[in-house]
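A.B. asks: Let me give you the structure first, and then I'll get to my questions.
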Amino acid sequence: MINKCLFPVAGYGTRFLPATKSMPKEMLPVVNKPLVQYGVEEAIAAGMNQMAFVTGRGKRAITDHFDISYELEHQIAGSAKEGYLTSIRGVLDQATFTMTRQREMKGLGHAILTGETLIGNEPFGVVLSDDLCINAGDSVMAQMVNLYKQFRCSIVAIQEVPQDQTEKYGVISGEALKEGLYRVDDMVEKPKPEDAPSNLAIIGRYILTPDIFDILRDTPPGKGGEVQLTDALLTQAKNGCVMAYQFEGSRFDCGSVDGFVEATNHVYQHIYKA
Ligand code: G1P
């Protein structure tokens, strides 16, 4: 149904300096797996098999991660250590990986538009790997693909956040079609709490229809002087339809040190040691 998933991974990771000085933030390990691999596994679990990365300078480690490491494979072949490679081998067997570079940092909307050459004219998923989503049943992306089958329009994942935190997120409002599902009528990027249309914040999982590319081309820079995906999605909502889905599962903001430590503790206790 949806084959491709786009990963904007060009961002700097300033909040994790000095760890991210020469290492991409997406390669920070939560226990023993880099953040970006969790995102790729989630996309695979949603039936996607073509991973598209919008990378930048200094992000070579991500490209190398999703390739064979010939020397390493050769060294540990047949030894007891081979088992440690099982999860990444499984990922490589189930998907292809393509990359393009975003030369200038002009915002998430610009990153998505840069990915157009890898996506073409089909609906696609987007994973912001800073947001680590974990749950026992269907992955968040799989839940969203199921909804896409029904509505055939762009879908954003949302979560309730404390009202004083709206300035960290895109925030939506809309008509509730049923519990946890809204038809979006307004969307604002990082509003002050007093200006926020609700406390329903966008989390880094999207399904986008390809008309978003033309809309992005015509979207002027918004918040922070950057081209905002949120602004383009509002145009799409006004011209047609965008759904917002309050997903089931836990989400950790691994772009912040607190969220990252929480994620590490959670994965260690509930997945690694379980
Ligand atoms: C981006 C989006 C924002 C969304 C957030 C989710 O912001 O612009 O709308 O709520 O991701 O993580 P960023 O965190 O990249 O500044």
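The values are calculated or read from the model by the stated rules, or taken from the named source; none is laboratory data. Source: prediction; values computed, not measured. Quick reminder, even Gly has a Cβ in these numbers, built from the backbone with ideal geometry, and neighbours come from all protein chains shown.
A.B. asks: Between a first residue in region 168-187 that is within 26 Å of Asp130 (Cα to Cα) and a second residue that is at pLDDT below 95 and small (Gly, Ala, Ser), which pairs have beta carbons less than 6 Å apart while being 6 or more apart in sequence or on different chains?
C.D. replies: Listed pairs, sorted by first residue: none to list.
A.B. asks: Right, something else. In region 120-143, what residues are hydrophobic (A, V, I, L, M, F, W, C), closer than 16 Å to Gly47 by Cα and surrounded by fewer than 23 Cβ atoms within 10 Å (Cβ to Cβ)? Can you show your working first?
C.D. replies: If we filter region 120-143 for residues that are hydrophobic (A, V, I, L, M, F, W, C), which is where we start, we get 124, 126-128, 132-134, 136, 140-142.
From what is left, the residues that are closer than 16 Å to Gly47 by Cα are 124, 126-127, 140-142.
Of everything in region 120-143, just one residue is hydrophobic (A, V, I, L, M, F, W, C), closer than 16 Å to Gly47 by Cα and surrounded by fewer than 23 Cβ atoms within 10 Å (Cβ to Cβ), namely Ala142.
A.B. asks: With a cut-off of at least 3 residues that are closer than 19 Å to Lys59 by Cα, name the strands (runs of 3 or more DSSP E) lying wholly within region 91-138.
C.D. replies: Hits in region 91-138: 96-101.
A.B. asks: Being touching a helix residue (DSSP H, G or I) at 6+ places or on another chain (Cβ under 7 Å), of a type outside the set (S, T, N, Q) and either loosely packed, with under 14 Cβ neighbours inside 10 Å or over 30 Å from Val31 (Cβ atoms) (or both) is true for just one of Pro193, Pro220. Which residue is that?
C.D. replies: Values: Pro220 fails: touching a helix residue (DSSP H, G or I) at 6+ places or on another chain (Cβ under 7 Å).
Answer to the check: Pro193.
A.B. asks: Which residue pairs have Cβ atoms under 6 Å apart, sit 6 or more places apart or on different chains, and have a first residue in region 103-130 that is polar (S, T, N, Q) and a second that is within 15 Å of the ligand (Cβ to nearest atom)?
C.D. replies: Qualifying pairs under 6 Å: Thr114/Val54; Thr114/Gln102; Ser129/Glu26; Ser129/Leu35; Ser129/Val36; Ser129/Gly39.
A.B. asks: Output the number of residues of region 153-186 satisfying the condition of being of a type in the set (Lys, Arg) and surrounded by 14 or more Cβ atoms within 10 Å (Cβ to Cβ).
C.D. replies: Total satisfying the criteria: 1.
A.B. asks: Among residues belonging to region 101-124 that are under 19 Å from Ala201 (Cβ atoms) and touching a strand residue (DSSP E or B) at 6+ places or on another chain (Cβ under 9 Å), point out the one that is nearest to the ligand (Cβ to nearest atom).
C.D. replies: Leu108
A.B. asks: Sticking with this one: Taking His270 as meeting all but one of (1) at pLDDT below 95; (2) within 13 Å of the ligand (Cβ to nearest atom), write down the number of the exception.
C.D. replies: All conditions are met except number (2).
A.B. asks: Please specify each residue of region 195-212 satisfying the condition of being touching a residue at least 60 places away in the same chain (Cβ under 8 Å) and not hydrophobic (A, V, I, L, M, F, W, C). Give the derivation first.
C.D. replies: Residues of region 195-212 touching a residue at least 60 places away in the same chain (Cβ under 8 Å): 203-210, 212.
Hits for region 195-212 are Gly204, Arg205, Tyr206, Thr209, Pro210.
A.B. asks: Restricted to region 63-83, and to residues that are of a type outside the set (A, V, I, L, M) and in contact (Cβ under 8 Å) with a residue 12 or more places away in the chain, which residue is surrounded by the fewest Cβ atoms within 10 Å (Cβ to Cβ)?
C.D. replies: The residue in question is Asp67.
A.B. asks: Which of the residues belonging to region 1-13 are of a type in the set (A, V, I, L, M, F, W, C) and assigned to a loop (DSSP other than H, G, I, E, B)?
C.D. replies: In the first step, residues of region 1-13 are kept if they are of a type in the set (A, V, I, L, M, F, W, C); the result is 1-2, 5-7, 9-10.
If the condition is that a residue be of a type in the set (A, V, I, L, M, F, W, C) and assigned to a loop (DSSP other than H, G, I, E, B), then Met1, Ile2, Val9, Ala10 are the ones that fit.
A.B. asks: Limited to region 14-62, what total is found for residues that are in contact with a strand residue (DSSP E or B) (Cβ under 9 Å, 6 or more places away or on another chain) and either part of a loop (DSSP other than H, G, I, E, B) or exposed (fewer than 14 other Cβ atoms within 10 Å of the Cβ) (or both)?
C.D. replies: Counting residues in region 14-62 that are in contact with a strand residue (DSSP E or B) (Cβ under 9 Å, 6 or more places away or on another chain) and either part of a loop (DSSP other than H, G, I, E, B) or exposed (fewer than 14 other Cβ atoms within 10 Å of the Cβ) (or both) gives 8.
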